[in-house]
1. Scan the range 77-107 for residues that are more than 22 Å from Glu130 (Cα to Cα) and either open to solvent by 60 Å² or more (accessible area, probe 1.4 Å) or among the β-branched types (Val, Ile, Thr) (or both) and jot them down.
2. Has the range 96-110 got at least one residue that is of a type outside the set (D, E, K, R), at pLDDT 90 or above and farther than 20 Å from Arg85 by Cβ?
3. From the residues in the range 133-168 that are over 31 Å from the mean Cα position of the chain (by Cα) and of a type in the set (S, T, N, Q), which one is nearest to Ala111 (Cα to Cα)?
4. Could you check Phe44 against (1) open to solvent by 70 Å² or more (accessible area, probe 1.4 Å); (2) under 27 Å from Leu136 (Cα atoms) and say which number it fails?
5. Inspect all residues belonging to the range 58-76 and state whether any of them is crowded, with 19+ Cβ neighbours inside 10 Å, free of Cβ contacts under 8 Å to residues at least 40 places away in the same chain and β-branched (Val, Ile, Thr).
6. Tell me, which helices (runs of 4 or more DSSP H) lie completely within the range 71-178 with 1 or more residues that are in contact with a strand residue (DSSP E or B) (Cβ under 8 Å, 6 or more places away or on another chain)?
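The values are calculated or read from the model by the stated rules, or taken from the named source; none is laboratory data. No experiment lies behind these values; they were computed from the predicted model shown. Quick reminder, even Gly has a Cβ in these numbers, built from the backbone with ideal geometry, and neighbours come from all protein chains shown. Please note that ligands, DNA and RNA were not included when accessible areas were found on the heavy atoms of the full protein model with its side chains. Shrake-Rupley method; radii C 1.70, N 1.55, O 1.52, S 1.80 Å.
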Amino acid sequence: FFFRPSSSVPSVSSTPRSMTSARRSPSLVRTCGELLAAHDLFIFDMDGVLWHGTNAIPGAADALRALRDANKRVRFVTNNASKHRSAYVDKLRKHGIDASLEEVYSSASSAAKVVKHTLRRSHAFVLGMEGVVRELEDVGVKVSGGHEYKPPATMEEAHHQELDLTVDAVVAGGGHNL
C-alpha cells in the first residue's frame, strides 16, 4: 500500500498496461525513485512479505531501513489476532527491522479500538486467543472468556449455560474455540 502526501503529487495511471505502451501519461510513475518521491507512507503486511514462518525475506530489513533513511513512514499490519502487537515488534526486531508498538496494527488491536472507542463498550466476551484479550485489556475493556473458554459441547449444554449480563460486546478472532 502506498499513500500520497498531497493531491499535488503525480498519481499512478489507472489505464491498463496494454493501452499505455502507445501513449504514456506524463503522470505515470515509471521508476522506483518516482514511486518513493510520490509517497510518504508505506504499509507492509508482515507474514509472507517480511518473513515466512521463522525465516526473514531476504532484503526486507535493508529495504525498510532505506525507506526510513529517506524519511518515509512505515507501518506493519497483520490479520493474525493470536498475538499481541508487542510479539510482532519483537519478531520484527529479531529480523533486523526497527519497529515500535505504535507502528504495528493487527486485527486484534483494531477490534479493541472499535469496541472501546467506536462502540463505547466496556466488557467483552472473547472467543479468541491471548492477542485479542491483551489488546482489549490495553484499551481498558474488561474481558471474559478468552483462550481458556471451552464452549458447550452440545446445544443442550448451550441452552443451560449461565451468561454474564454485564457483557456488552462479543469479539471473536485468533481462536480455535469457536
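1. From the range 77-107, those more than 22 Å from Glu130 (Cα to Cα) are 95-98; that's our starting set.
Ile97, Asp98, listed by residue number.
2. Step one: of the range 96-110, the residues of a type outside the set (D, E, K, R) are 96-97, 99-101, 104-110.
Narrowing further to those that are at pLDDT 90 or above: 96-97, 99-101, 104-110.
Going one step further and asking which of them are farther than 20 Å from Arg85 by Cβ, we end up with none.
No, that holds for no residue.
3. Gln161
4. In the conditions (1) open to solvent by 70 Å² or more (accessible area, probe 1.4 Å); (2) under 27 Å from Leu136 (Cα atoms), Phe44 misses (1) alone.
5. First, pick out the residues of the range 58-76 that are crowded, with 19+ Cβ neighbours inside 10 Å: 64, 76.
Next cut, free of Cβ contacts under 8 Å to residues at least 40 places away in the same chain only: 64, 76.
Within this subset, residues satisfying the condition of being β-branched (Val, Ile, Thr) are none.
Looking through the range 58-76, none of the residues is crowded, with 19+ Cβ neighbours inside 10 Å, free of Cβ contacts under 8 Å to residues at least 40 places away in the same chain and β-branched (Val, Ile, Thr).
6. It comes to 85-94, 107-113, 130-138.
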